[in-house]
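The values are calculated or read from the model by the stated rules, or taken from the named source; none is laboratory data. Being a predicted model, the structure only gives us computed values, none of them experimental. Please note: Cβ atoms are built from the backbone with ideal geometry, for glycine as well, and neighbour counts cover all protein chains shown. Note: areas computed on protein heavy atoms with side chains; ligands, DNA, RNA excluded. Shrake-Rupley method; radii C 1.70, N 1.55, O 1.52, S 1.80 Å.
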Amino acid sequence: MVYGTTGNGPVTLDAKTGADRSTSPGGAPVAVNEYTGVALDQALHRTLIAHPATG
């Protein structure tokens with residue numbers, strides 16, 4: 001998976017094909033390791049949110 005942001009919001013792409021994985025991922029991590037991804041709160045950009053890594 002490749003995460004990114006655009007002027008229209010966050011995107012998630014399949015790293016092998018480049019195809020969209022989710023049309024509305026809700027956020028894109030700013031830091032990732034094998035255990036978790038950390039993203040900024042989309043509303044205020046003042047809160048970090050940790051999401052467990054899967055797969």
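Observations
- Entry remark, region 31-50: residues being surrounded by fewer than 11 Cβ atoms within 10 Å (Cβ to Cβ), in contact with a strand residue (DSSP E or B) (Cβ under 9 Å, 6 or more places away or on another chain) and assigned to a loop (DSSP other than H, G, I, E, B) number 3 in total.
- In region 9-33, the residues that are without any contact (Cβ under 8 Å) to a residue 40 or more places away in the chain reach residues that are in a loop (DSSP other than H, G, I, E, B) and hydroxyl-bearing (Ser, Thr, Tyr) with C-beta atoms within less than 9 angstrom, at least six apart or across chains, in these pairs: Gly9/Ser24; Pro10/Ser24; Val11/Thr23; Thr12/Thr23.
- Answer residue from region 6-22, given it is surrounded by fewer than 13 Cβ atoms within 10 Å (Cβ to Cβ) and among the β-branched types (Val, Ile, Thr) and is modelled with the lowest pLDDT among those: Thr6
- Every residue from region 6-55 that is in contact with a Leu (Cβ under 9 Å, 6 or more places away or on another chain) and among the charged types (D, E, K, R): Asp20, Arg21, Asp41, Arg46
- Against the criterion of being open to solvent by less than 70 Å² (accessible area, probe 1.4 Å) and in a strand (DSSP E or B), Pro25 does not qualify.
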